[in-house]
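Data block below; observations after.
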Amino acid sequence: MKCIQAECVLSPGNTLGEGPFSPDGKTLYWFDILEGRAYQMVLSDGSVQSRDMDHFLCCGGSCGNDALLAAGEKGIGFYDRTFKSLRSLFHPPFDTELLRFNDGKIAPDGSFWAGSMSFEGDRPIGGLFRFTDTVSCILDGMTIPNGLGWSPDGTSMYITDSGRAVIEKWDYDSELSIISNGSVFVDASDLEGVPDGMSVDGEGNVWSAFWGGSRVLGFSPEGELFAEINVDAVNPTSCCFCGPELSTLYITSARHGLKSPGAGDGALYRADTGTSGKTPFVFDYQ
């Protein structure tokens, strides 16, 4: 098995760093959910800016222009590159006294998929929603819907439920934007930590951050474990390919839940996997 050591890039001490994405491969965006803070890093010089929000954001993506899409406490909307709110699109399609958004990604067909979870992540009352010009609940009864991804040809979708410690693989129909024939891709019940956020590279490998496992694991398209990225943080949360040729995997982490967090907990990391990511999909809203 390939073993890789991740390098610490930045130590912002994120309480719950999450949702990294890069619309152009040049700038990385991510969020500290529990602190209500949004970050952007220019990768060419490492400069970082952060914005304290009056609401938390969890995940987002590209709109194909200077605007960003992001989901969080107030629902889903368009934001500028400094995370100034531009336009609200969808209110949360759930009871915000019980649930919040967690992870989300833009699909090959331009739809946006995002999951909801209880604030403590301890009850199977979450769900997975699809946002186009309308809102549809695709899956319910989930505990912690988490990392999402699609195969390079767009015919398979990966869905993580951290509460059950599984990554599922579904057939994906881009014309209808629907899933079918779900099966367990990775059963992580015997592995250290639980699968959290993920990224799929251009070869179809699935890179999953393992909360509580201090690592990101690489699985082949057949679900075989072939690589381990060691991270100097107990709780890696998610990952995203960006940089030149999308050849670097950036990894967020969290201090949340740790009695005595170390210097590396809540830091941002990067690693060379020997593979490259895919061009990000763009949200298509009519």
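The values are calculated or read from the model by the stated rules, or taken from the named source; none is laboratory data. Predicted model only: the values in this text are computed from it and were never measured. Every residue, glycine as well, gets a Cβ built from its backbone with ideal geometry; the counts of neighbours run over all protein chains shown. Remember, those area values only see protein heavy atoms, side chains included, never the ligands or the DNA or RNA. Shrake-Rupley method; radii C 1.70, N 1.55, O 1.52, S 1.80 Å.
Within the stretch 184-222, the set of residues being among the small types (Gly, Ala, Ser) and in contact with a Ser or Thr (Cβ under 6 Å, 6 or more places away or on another chain) comprises GLY197, GLY202, GLY204, ALA209.
Taken together, the residues in the stretch 236-270 that are free of Cβ contacts under 8 Å to residues at least 40 places away in the same chain and of a type in the set (Gly, Ala, Ser) amount to 4.
Only one of the numbered conditions (1) assigned to a strand (DSSP E or B); (2) open to solvent by 40 Å² or more (accessible area, probe 1.4 Å); (3) closer than 25 Å to LYS278 by Cα is not met by ARG81, and that is (1).
Taking only the stretch 21-41 into account, find how many residues are more than 15 Å from ALA70 (Cα to Cα), hydrophobic (A, V, I, L, M, F, W, C) and open to solvent by less than 50 Å² (accessible area, probe 1.4 Å).
Residues of the stretch 21-41 more than 15 Å from ALA70 (Cα to Cα): 24-27, 34-35, 41.
When the remaining residues are screened for being hydrophobic (A, V, I, L, M, F, W, C), the result is 34, 41.
Imposing the further condition that a residue be open to solvent by less than 50 Å² (accessible area, probe 1.4 Å) reduces the set to 41.
Qualifying residue count, the stretch 21-41: 1.
Looking across the stretch 130-153, the residues that are in contact (Cβ under 8 Å) with a residue 40 or more places away in the chain, open to solvent by 40 Å² or more (accessible area, probe 1.4 Å) and more than 20 Å from VAL206 (Cβ to Cβ) come down to ASP133, VAL135, CYS137.
Looking at the stretch 42-53 only, could you name the residues that are among the β-branched types (Val, Ile, Thr) and either surrounded by 13 or more Cβ atoms within 10 Å (Cβ to Cβ) or more than 20 Å from the chain's Cα centre (by Cα) (or both)? Outline the logic, then answer.
Step one: filter the stretch 42-53 for residues among the β-branched types (Val, Ile, Thr), giving 42, 48.
Hit for the stretch 42-53 is VAL48, nothing else.
Taking residues in the stretch 171-183 that are free of Cβ contacts under 8 Å to residues at least 12 places away in the same chain, and partners anywhere that are in a strand (DSSP E or B), the pairs with Cβ atoms closer than 6 Å and at least 6 places apart or on different chains are SER180/ASP171; ASN181/ASP171. For the stretch 265-282, check the following and say yes or no: at least one residue is open to solvent by less than 40 Å² (accessible area, probe 1.4 Å) and within 21 Å of CYS63 (Cα to Cα). Within the stretch 265-282 (the criterion being open to solvent by less than 40 Å² (accessible area, probe 1.4 Å) and within 21 Å of CYS63 (Cα to Cα)), the answer is yes, since at least one residue qualifies. Figure legend. Inter-residue proximity from the stretch 116-127: first residues closer than 10 Å to MET142 by Cβ, second residues of a type in the set (S, T, N, Q) and part of a loop (DSSP other than H, G, I, E, B), beta-carbon distance below 6 Å, spacing 6+ or different chains. Indicated pairs: PRO124/THR143. Of all the criteria given as (1) within 20 Å of LYS278 (Cβ to Cβ); (2) in contact with a strand residue (DSSP E or B) (Cβ under 9 Å, 6 or more places away or on another chain), the one not satisfied by ASN235 is (1). Within the stretch 268-284, is even one residue among the acidic types (Asp, Glu), over 21 Å from THR143 (Cβ atoms) and at pLDDT below 95? Within the stretch 268-284, one or more residues are among the acidic types (Asp, Glu), over 21 Å from THR143 (Cβ atoms) and at pLDDT below 95. Only one of the numbered conditions (1) over 25 Å from GLY264 (Cα atoms); (2) outside any strand (DSSP E or B) is not met by GLU35, and that is (1).
GLY25: farther than 23 Å from THR275 by Cβ and not in a strand (DSSP E or B), yes or no? No; evaluated as a whole, the condition is false for this residue.
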